[in-house]
Structure formats: C-alpha cells, structure tokens
Amino acid sequence: MILLQDWTMKRLFLWFLLGLVNMPLIAAKKDVATAADKTPSMNEMTGTVQSVDLEAKTIRLQTEHGYSVEFTFDRETVCKGIGVPHTVSDLAFKDEVIIRYAGRDLIAREIEKRNLQPAVAASTPTSPAN
C-alpha cells in the first residue's frame, strides 16, 4: 500500500487517475470525428436522360450547358421521385433527373426523377351558357 503523505503528491495522483478515467472518452470523440470525416460529401448534376443501358449499368445525362456525362450505377443506387418508388429501368429519354454522386467517381448513388407529373388529360371545352 502506498502512503501519500504530501498534499502535492496526492493532487498529482488524483490528476493521474482523472486522466486515466477520461482517456477512453477522448479516444471515443476522436473516433467519431474520423468516422464523420470519412463520409464523402455528395455532388449533384441536373440534366435530361439521353440513354440508359441496363446491361452496362450506365446512364448518359445531358446538362443544361450541353455537356454529355456518363454515370455508372449499381445495386446500391437509390432511384426515387416525389412519393413514388422508381427503379433505373423506369427512366426514359428526356426525363429530367438529378444525379447525386460522391467525389470524382461518376458512380450514381441517388437518382431523383424530377418530371413526375402524369400527363394531363385533355379537358373537353364547355360551351358558354346562353
């Protein structure tokens, strides 16, 4: 048993114990910060679908500035719209989409179909009341 006679030694010993207790907390905060740093930020590109190749798993998009960009997709790619579930096979020529991708790789992580309004049925004109 260690007898600590001096008050200074007791304080040093207490600081040492506090440091040991807080060490896992400091390490946990560092791990959380590094996990957040590893999450890639998403880039997005808006345009119209020019082609979809389901076998090659590619989507060609034309931006509003006229650039043609080819994205790849995989089974992790989420395809969605406003309240309506979609798949990549639902995309058609001239569909307006937003493609979200991570980093420099042009692998689509999320495809959002923008033109979801159903075709409006032609309304029959009503004759004015006489």
**Item:** Residues (assigned to a loop (DSSP other than H, G, I, E, B) and touching a residue at least 40 places away in the same chain (Cβ under 8 Å)) located in region 55-93
**Value:** Leu91, Ala92, Phe93
**Message:** Any residue at all in region 95-111 that's over 14 Å from Glu44 (Cβ atoms) and touching a Phe, Trp or Tyr at 6+ places or on another chain (Cβ under 9 Å)?
**Reply:** no
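Would you check which residues across region 73-92 are under 17 Å from Gln50 (Cα atoms) and among the charged types (D, E, K, R) and list them?
In the first step, residues of region 73-92 are kept if they are under 17 Å from Gln50 (Cα atoms); the result is 73, 79, 87-92.
Asp90, the sole residue that qualifies.
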**Request:** Provide a single number: the residues in region 55-83 that are surrounded by fewer than 16 Cβ atoms within 10 Å (Cβ to Cβ) and aromatic (Phe, Trp, Tyr).
**Result:** 1
**Prompt:** Assuming Asp95 fulfils every condition listed in (1) surrounded by 15 or more Cβ atoms within 10 Å (Cβ to Cβ); (2) over 14 Å from Val49 (Cβ atoms) apart from one, which condition is it?
**Reply:** (2)
**Prompt:** Failed condition for Gly47, given (1) of a type outside the set (Ser, Thr, Tyr); (2) closer than 13 Å to Glu110 by Cβ; (3) surrounded by 12 or more Cβ atoms within 10 Å (Cβ to Cβ), with all others met?
**Reply:** (2)
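Going by what's in this entry, would Leu4 be described as surrounded by 11 or more Cβ atoms within 10 Å (Cβ to Cβ), at pLDDT below 65 and touching a helix residue (DSSP H, G or I) at 6+ places or on another chain (Cβ under 8 Å)? Spell out the reasoning first.
Values: surrounded by 11 or more Cβ atoms within 10 Å (Cβ to Cβ): yes; at pLDDT below 65: yes; touching a helix residue (DSSP H, G or I) at 6+ places or on another chain (Cβ under 8 Å): yes.
In short, yes.
The values are calculated or read from the model by the stated rules, or taken from the named source; none is laboratory data. None of the values given here were measured: they were computed from a predicted structure. Positions of Cβ are generated from backbone atoms using ideal geometry, with glycine treated the same way; all protein chains shown enter the neighbour counts.
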